[in-house]
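What follows is one structure encoded as structure tokens, with my remarks underneath.
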Amino acid sequence: MNTLILNRDFKHPDDGWYMVESKGNHPNRAAGVVQVIDDEATQSIVNRFNADAAAGKLRHGHEMLIDHEHFSDQPDQETRAYGWLQGLQNRDDGIYGQIRWTATGKAAVDGGDYRFFSTEYSPEDLKIVNDGKTKSVRPLALAGLTLTNMNNNRGQKPITNREDPAPPNLADADALAANQQKKDNQEKMKNIALKLGLAAEASEEAILAGVTKLQNRETELAPVAAENTTLKTRLASLDGEQVDGLLETHGVKDPKIINRLKPVLTVLKNREERVAALVDFGFTLPVAGSLNRVLNRGTGNLKPGEGDETVQTERAIRIANRASAIIKETPTISLATAYHMAAKENK
């Protein structure tokens, strides 16, 4: 299958002549070839184009359409002209073209929207140089020209920057870099000063003193942090012991129910809240001095069936399961709140 070669990597000048192709061997992956742009190629391309332009034999008569991104060869894309190529010139470094820009093209080039050309070569205008594993071909005639920023062939001058910039002064560059580094360091010192609660213009000595103060404070707080950890551990142990006592006092003996209730009771603030939660769950204290029959859970003044251990166990399990479901439905809700809600639903 013959593939149209689309080159995308060429640069342009400002004197009315723009570089449209640079000399060299340019691999084109899309076409699977290496394009050889040498003296023979450039001479043939320039001579044939100028002859056809003079005779009005180009596709558009005496000028060649310059589109963008090779759109004119795609039936579903626009064919708007960005410019018209009027003539070619052969130079030592490649091919240059004389272009008449349209309003669209001039705006795109002046604004920097497009900075490179891409040439097109038809298969019938390619001369095989080397028919090896990677075929080398020499283009002999220009088939099309387009604007692009993704050019393939390297070495072209940009459209809006024909003159090569003057070589940088290394001494000036070093001075600029040193000055920029100094400014960056000053900005960092200002940020550090502000973080330390100092004025942005604080001296280096003041900043170092602030850092030293922070380091000393960290050393002073280390024993306090350790003591705080110890107190938290002791408090957690006391809370656990209190919960164990309350569970026993309220007659909760089933290990399965204890394992479900203990995490809920532990996170509550104090003993009063824990007792209230146990009552919500149906585990009331025996009434002192009453003649009520004392059951395994609660007192004799319960609703029919509530004193049965199996019934109470099942209710506690239902509450725990419902609490888990509530937490899944509303992840932001606390475990204790979920158990309270579940207990009210399972009275």
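Here the peptides 148-159, 20-31, 269-280 are ranked by packing, the mean other Cβ count within 10 Å, and the order with the highest first is 148-159, 20-31, 269-280. Bridgeable lysines around LYS269 (alpha carbons under 28 Å apart, same-chain partners fewer than 8 residues away excluded): LYS232, LYS253, LYS256, LYS328, LYS344, LYS347. Here the peptides 336-345, 131-140 are ranked by packing, the mean other Cβ count within 10 Å, and the order with the highest first is 336-345, 131-140. Taking 7 Å steps out from each Cα toward its Cβ at GLN43 and ASP184 produces label points 5.3 nm apart.
The HN-Hα couplings worked out from phi for region 209-214 by the Karplus form 6.51 cos²θ - 1.76 cosθ + 1.60 (θ = phi - 60°) are 5, x, 5, 4, 4, 5 Hz, whole numbers, x standing for Gly and Pro. Using amide H atoms built 1.01 Å from N in the peptide plane, name the residues 5+ places from ARG138, or on other chains, whose amide H lies under 5 Å from its own. Excluding prolines and chain starts, which carry no amide H, the hits are VAL36, LYS127, ILE128, VAL129. Peptide packing: for 216-228, 188-200, the average count of neighbouring Cβ atoms within 10 Å per residue gives the ranking 188-200, 216-228, highest mean first. Label-point separation (nm) for VAL211 and ILE317, each offset 7 Å from Cα along Cα-to-Cβ? Distance between the two pseudo-spin positions: 6.4 nm. Computed from backbone phi, the HN-Hα couplings of region 95-110 come to 9, 10, x, 9, 10, 9, 6, 8, 4, 5, x, 4, 5, 5, 6, 4 Hz, rounded to whole numbers (Karplus: 6.51 cos²θ - 1.76 cosθ + 1.60, θ = phi - 60°; Gly and Pro given as x).
Max-minus-min Cα coordinates of region 173-215 on each principal axis give 40, 16, 13 Å, with the largest extent listed first.
Here region 5-148 is described by how far its Cα atoms reach on the three principal axes: 45, 31, 26 Å, from widest to narrowest.
Here the simple spin-label model places points 7 Å from the Cα toward Cβ, and for LYS57 and LYS232 these points are separated by 9.0 nm.
Where a number appears in this text, it was derived from the coordinates with a stated rule and is not lab data. The structure displayed is predicted, hence computed values, not measured ones. Here Cβ is always computed from backbone atoms with ideal geometry, including for glycine, and neighbour counts include all displayed protein chains.
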